[in-house]
Amino acid sequence: MNKKLMRFFSLTLAVLMIFSLCSCANNTAEEEEEPEIQYASEIPSGKTEVLARFNEVIKTAKEGKPAISYSLGQGAGGCECENATIKGGFKTIANKITNNDFAMSTEYGQPTTDIFPLMGTDEAAALALTDIRSAIITDNKGDQNYTIIIKLNPETNPDQDNSIYGKLYKIEKDEDILAHFDVVKDFMTAESYSATYGTGTIKAIVDKTTDHIIKLELSRDVRVETEVTGHGTLESVGTVPMSFDYNSTAHYDLNWDNPETEEVEA
């Protein structure tokens, strides 16, 4: 009886080993059949090299004229004000002054002058090492894309022409920023403006096979300090200091497919 059981168990074990080997062989075959991604260029490492790659893919996109969809999401919160009425009603104020989420798009081959950084010029955004805190690339093998992540240095009251943030964002003049408060002018007006930009974040998703950027996100967090004067039902408030947090993220989706050819460029 023991000999029969031993033979049965030995036979069972042998069968299981055969199935296991067959399964491994099939898995190996499937892994071998999966095509390797052909990188357009070597993935850079190190802050200097990653920043150079970012500037390169931005320049290529500016000049290459892919189809681009752009949108700007924004919000405000974290109000500090000595007047309880203004502080308590800031959510309503914030909704009004950030209500205009901007969006625009271009078709393949159209100029990118007014939509892609630098906005308003044919030049491409180009950051320097002194502009940034860090620059890294995440590359998951098997994925079609890699991601560039850059952290910008903080900046106070940047302008469009001579600032880190001006290289990437469309920064309005102070008077134009204060004009956003016109939507609540029956209740208050803003008398001054100062902005401290925190560490900004750039996220660029790039196709490995072409080195074409396909998505770009530019995020900024700003601490705004101003003075507001009450009007109408808030006239008794007088003029009081107020500060709040403003945040925005610019989203770009780029499509490199040329509709006039059958070739898909990725």
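The values are calculated or read from the model by the stated rules, or taken from the named source; none is laboratory data. None of the values given here were measured: they were computed from a predicted structure. Please note: Cβ atoms are built from the backbone with ideal geometry, for glycine as well, and neighbour counts cover all protein chains shown.
Being at negative phi, among the aromatic types (Phe, Trp, Tyr) and in contact (Cβ under 8 Å) with a residue 60 or more places away in the chain holds for only one residue in TYR252, TYR165, TYR197, TYR193, and it is TYR252. Which pairs have Cβ atoms under 6 Å, sit 6 or more apart or on different chains, and link a residue in segment 40-67 that is closer than 14 Å to LYS208 by Cα to one that is part of a helix (DSSP H, G or I)? What qualifies is PRO44/VAL50; PRO44/ARG53.
Consider segment 210-237. How many of its residues are under 20 Å from SER194 (Cα atoms) and not polar (S, T, N, Q)? Can you show your working first?
Step one: filter segment 210-237 for residues under 20 Å from SER194 (Cα atoms), giving 219-230.
From the residues that got through so far, the ones that are not polar (S, T, N, Q) too are 220-225, 227-228, 230.
Here the count works out to 9.
The residue pairs whose first member lies in segment 91-116 and is under 18 Å from GLY78 (Cβ atoms) and assigned by TED's automatic domain parsing to the domain that holds VAL222, whose second member is in a helix (DSSP H, G or I) and hydrophobic (A, V, I, L, M, F, W, C), and whose beta carbons are closer than 6 Å, counting only pairs six or more residues apart or on different chains, are ILE93/VAL184; LYS96/VAL183; LYS96/VAL184.
Checking each residue in segment 141-177 for being crowded, with 18+ Cβ neighbours inside 10 Å, under 16 Å from the mean Cα position of the chain (by Cα), in a loop (DSSP other than H, G, I, E, B) and not aliphatic (A, V, I, L, M) picks out only TYR169. Summed over segment 178-218, residues that are under 25 Å from the mean Cα position of the chain (by Cα), hydrophobic (A, V, I, L, M, F, W, C) and over 19 Å from GLU155 (Cβ atoms) total 6. Candidates in segment 219-237 are the residues that are hydrophobic (A, V, I, L, M, F, W, C) and under 25 Å from the mean Cα position of the chain (by Cα); of these, the one that is nearest to CYS79 (Cα to Cα) is VAL224. One residue stands out among those in segment 198-215 that are in a strand (DSSP E or B) and touching a helix residue (DSSP H, G or I) at 6+ places or on another chain (Cβ under 8 Å): the one that is nearest to GLY78 (Cα to Cα), which is ILE202. For segment 238-260, the count of residues that are over 28 Å from ARG53 (Cα atoms), modelled with pLDDT under 90 and either touching a strand residue (DSSP E or B) at 6+ places or on another chain (Cβ under 6 Å) or part of a loop (DSSP other than H, G, I, E, B) (or both) is nonzero.
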